[in-house]
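Shown next, in structure tokens, is the structure this report addresses.
The values are calculated or read from the model by the stated rules, or taken from the named source; none is laboratory data. This is a predicted model, so every value here is computed, not measured. Neighbour counts run over all protein chains shown; Cβ positions are idealised from the backbone, glycine included.
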Amino acid sequence: MIERRKQILKWTTIGQRFGYGCFGATLVIFFVGLVAGFPSWTLQSIIVLLILGSVVLLPSIILSYAAKAADSEDRGEPFTY
């Protein structure tokens, strides 16, 4: 059970990095588009990255909180959420 939780935490960390990376890339592309007059590829890339980042980031954050709460409960720490 603990090994499975460690694996979930590993994957949620990867998912969070990917999701936040998508949002960071969105910002970079936005400013490139701002300078270049917003060609169509910038708008399409921004939309795709925002959707992809949101789809990956939301479950990663939720599962991360769940796994961390389960770890603290196993250690006998008080419930803080």
Subject >> Residue satisfying condition, being within 17 Å of Thr13 (Cβ to Cβ) and in a helix (DSSP H, G or I), within set Gly33, Gly53 >> reply: Gly53
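If we keep just the residues of the stretch 1-28 that are in contact with a helix residue (DSSP H, G or I) (Cβ under 6 Å, 6 or more places away or on another chain), at pLDDT 95 or above and within 30 Å of Glu73 (Cα to Cα), which is surrounded by the fewest Cβ atoms within 10 Å (Cβ to Cβ)? Steps first, answer last, please.
Initially, the stretch 1-28 is screened for residues in contact with a helix residue (DSSP H, G or I) (Cβ under 6 Å, 6 or more places away or on another chain), giving 5, 8-9, 12, 15-16, 18-19, 22-23, 25-26.
Then keep just the ones that are at pLDDT 95 or above; that gives 12, 15-16, 18-19, 22-23, 25-26.
Narrowing the set further to residues that are within 30 Å of Glu73 (Cα to Cα) leaves 12, 15-16, 18-19.
Details: Thr12: 21, Gly15: 19, Gln16: 16, Phe18: 14, Gly19: 21.
Of everything passing the filter in the stretch 1-28, Phe18 is surrounded by the fewest Cβ atoms within 10 Å (Cβ to Cβ).
For the stretch 29-43, which residues satisfy the criterion of being under 30 Å from Ser64 (Cβ atoms) and either in contact with a strand residue (DSSP E or B) (Cβ under 9 Å, 6 or more places away or on another chain) or surrounded by fewer than 14 Cβ atoms within 10 Å (Cβ to Cβ) (or both)?
Step one: list which residues in the stretch 29-43 are under 30 Å from Ser64 (Cβ atoms), which gives 29-31.
Hit for the stretch 29-43 is Phe31, nothing else.
Out of all the residues in the stretch 36-50, which are free of Cβ contacts under 8 Å to residues at least 24 places away in the same chain and part of a helix (DSSP H, G or I)?
Taking the stretch 36-50 first, the residues free of Cβ contacts under 8 Å to residues at least 24 places away in the same chain are 36-48.
Once the filter is applied, which keeps residues that are free of Cβ contacts under 8 Å to residues at least 24 places away in the same chain and part of a helix (DSSP H, G or I), the stretch 36-50 yields Ala36, Ser40, Trp41, Thr42, Leu43, Gln44, Ser45, Ile46, Ile47, Val48.
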Subject >> Test: residue in the stretch 68-76 that is exposed (fewer than 13 other Cβ atoms within 10 Å of the Cβ), assigned to a loop (DSSP other than H, G, I, E, B) and modelled with pLDDT under 95 >> reply: yes
